[in-house]
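Only the coordinates and a few stated rules stand behind these numbers; no lab work does. Since we're looking at a predicted model, the values are computed, not measured. Backbone-built Cβ (ideal geometry, glycine too); neighbour counts: all protein chains shown.
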Amino acid sequence: MYKTFAALAAATALTATAAFAQDLPKEVKARQGQFQIMAINLGILGGIAKGAIEYDAATAQAAADSLVGISMVNPAPLWVEGTDEMSIEGTRAKAEIWDNLDDVVAKWNAFGEAAKVMQAAAGEGPEAIGPALGTIGGTCKACHDAYRAPQS
Amino acid sequence: MLRRVLIALVLAALIGAGIGLWVTAPSRVDAARLAGLTGDTTRGQAVFTAAGCASCHHAPGSDDKLVLAGGQAFASDFGTFYAPNISPSQAGLQGWSQADFANAVLRGVSPSGKHYYPAFPYTAYARMTDQDLVDLWAYMQGLPADDTASQAHDVGFPFNIRRSVGGWKFLFFTTEGWVAEAPTPELERGRYLVEALAHCAECHTPRNALGALDTARWMAGAPNPSGRGTIPALTPDQLDWSAQDIAYYLETGFTPEFDSAGGHMVAVVDNFSKLPAGDRAAVAAYVKALSAP
């Protein structure tokens with residue numbers, strides 16, 4: 001009996017999340033997915049820097065190229081008014097973004113510049129990746145520091 | 001709201017009971033303790049970095065984190081506190097003796113004998129070694145001077161009476177003793193960094209109704225003091241990162257999934273990225289040794 005109840009609760013929880021993800025505006029899903037693509041590619045480069053993944057020039061280059069590619073997506077259309085964490089559930093975007101859009105774009109461009117540094121370094125061997133990774137990480141932190149809310 | 005009223009009542013009672021009593025009188029560091037120690041600015045810089053003094057005392061929005069002009073606001077249940085100017089200027093610490101500095105950092109007592117609010121985490125710094133304190137003072141006197149005046153705090157009755165902090169200290173402030181066991185030298189170093197200098201618990205541990213850290217739920221995560229959201233737990237029931245993952249996060253801000261740190265943790269990462277790898281490993285070992293609440 002208890003088990004059935006637990007299973008039922010789990011199933012409800014699952015549907016709830018699914019419904020919830022579908023309810024998010026497409027721009028929010030798009031920007032979150034875009035950040036996930038960044039994290040996945042950084043994971044490849046970071047794995048190499050940490051020594052957990054064996055270095056392969058082509059793989060490293062593809063990851064770095066992907067970061068540069070994403071950095072060229074115009075961020076403005078993804079930051080739609082009313083999609084901050086005070087207005088809707090399921091986002092950690094701070095309302096301050098909309099008071100400082102120029103600065104948000106500048107911070108995004110800083111990420112783009114750092115991604116280019118990585119693009120130049122990725123083919124040079126595993127030792128070149130660590131410092132470039134540090135540069136990129138600085139640009140992620142700078143934006144999350146100012147514009148991403150803590151977990152709720 | 002009800003909670004605030006209750007707290008106010010309890011504190012008012014404490015002040016009433018405490019005025020004129022030794023419980024609310026400031027206790028000072030015995031000056032003889034520091035005699036014979038000479039400060040080293042290089043070591044002082046490392047203490048300064050690990051203790052995160054600049055994270056709170058640099059001017060808001062300024063890129064030069066070494067100009068300790070103050071002005072950042074810290075929200076709490078009791079009102080908003082503003083970090084004062086602690087640069088070596090007229091508006092800051094010019095004219096302070098080493099003993100004045102020791103009383104402020106190790107005891108939360110001002111040169112004129114007033115209590116500081118625990119928004120200044122002397123509750124952790126009280127465990128700093130005398131040598132570290134002296135090194136820190138030597139380093140800070142060489143930082144740039146700035147003339148920005150310190151701002152008054154925005155706190156209501158009864159918290160605006162500094163004497164009431166004496167009652168709070170009587171109940172909650174201890175100058176020695178540790179929360180975690182540290183059976184190895186590495187854990188001991190980690191504990192010193194976490195519990196004395198880097199004051200990780202100030203953010204990661206929940207507080208009781210009177211704003212004191214709940215040591216029974218040490219590092220078990222806490223509401224964000226500035227309102228929305230939570231600060232994550234570091235206890236093993238919640239955080240399953242390896243020690244290497246934690247040390248790497250402190251160095252780079254990258255989580256194991258290569259998400260990147262945000263909010264107040266960014267300043268902590270910026271500081272720890274400048275410390276020796278051994279210190280990051282020691283903190284990671286400490287975090288891994290925490291027990292679930």
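About its Cα centre, how strong a charge dipole does the protein assembly as shown have in debye, to the nearest 20, once Lys and Arg get +1 and Asp and Glu get -1 at the Cβ?
1360 debye
Of A:LYS141/B:LYS288; A:LYS116/B:LYS65; A:LYS50/B:LYS65; A:LYS50/A:LYS141; A:LYS50/A:LYS107, which sit over 22 Å apart, Cα to Cα?
Result: A:LYS141/B:LYS288; A:LYS116/B:LYS65; A:LYS50/B:LYS65; A:LYS50/A:LYS107 exceed 22 Å.
If you keep only loop residues by DSSP, which chymotrypsin sites (Phe, Trp or Tyr not before Pro) in the stretch B:99-185 have at most 15 other Cβ atoms within 10 Å of their Cβ?
Counting only loop positions with at most 15 other Cβ atoms within 10 Å, the chymotrypsin sites (Phe, Trp or Tyr not before Pro) in the stretch B:99-185 are B:TRP178.
Between B:PHE74 and B:LEU171, with labels modelled 7 Å along Cα→Cβ, what's the label distance in nm to one decimal, could you check?
So the label points at B:PHE74 and B:LEU171 sit 1.9 nm apart.
Give me a single rounded figure for B:261-271: the average over its residues of other chain Cβ atoms within 10 Å of their Cβ.
Other-chain Cβ atoms within 10 Å of each residue's Cβ, averaged: 5.
Taking 0.36 nm per residue of sequence separation and subtracting the Cα-Cα distance, how much length would be gained by fully extending the chain between B:GLN151 and B:ALA277, in nm to one decimal?
Numbers: separation 126, 0.36 × 126 = 45.36 nm, distance 3.75 nm.
Computed gain between B:GLN151 and B:ALA277 is 41.6 nm.
Which value in nm describes the separation of the simple spin-label points at B:THR129 and A:LEU24, placed 7 Å from the Cα toward the beta carbon?
4.8 nm
Count the net charge of all other residues whose Cβ sits under 12 Å from the Cβ of A:MET38, scoring Lys and Arg as +1 and Asp and Glu as -1. Don't skip to the answer; put the middle values down first.
On the way: positive: A:ARG31; negative: B:GLU257, B:ASP259.
Net charge in that neighbourhood comes out at -1.
Can you give me the angle between helix A:26-50 and the longest principal axis of chain A, using Cα atoms only, in degrees from 0 to 90, rounded to the nearest 10?
With both axes taken from Cα atoms, the answer is about 50 degrees.
First check a/c for the stretch B:174-214, with a ≥ b ≥ c the square roots of the eigenvalues of its C-alpha gyration tensor; if it is under 1.5, answer rounded, and if not, answer prolate when a/b is larger than b/c or oblate otherwise.
prolate
Which of rounded, prolate or oblate describes the stretch A:2-147 when judged by the alpha-carbon gyration tensor and an a/c cut-off of 1.5?
Because a/c hits 1.5 or more and a/b fails to exceed b/c, the stretch A:2-147 counts as oblate.
Can you compute the FRET efficiency between B:GLN90 and B:ALA216 using 1/(1 + (r/R0)^6), with r the Cβ-Cβ distance and R0 = 51 Å? Round to the nearest 0.05.
0.70
Mean separation of Cα pairs under 8 Å and 6+ residues apart, divided by the residue count of the stretch A:2-147: what relative contact order is that in percent?
Relative contact order here is 26 percent.
State, to one decimal in nm, how far the label point of A:ASP56 lies from the label point of B:ASP240, with both points 7 Å from Cα in the Cβ direction.
Label-label distance for A:ASP56 and B:ASP240, simple model: 2.7 nm.
Give the average, rounded to an integer, of partner chain Cβ atoms located within 10 angstrom of each Cβ in A:132-138. Please report the intermediate quantities before stating the final value.
Working: counts 0, 3, 5, 0, 3, 9, 7.
Mean partner shielding for this stretch: 4.
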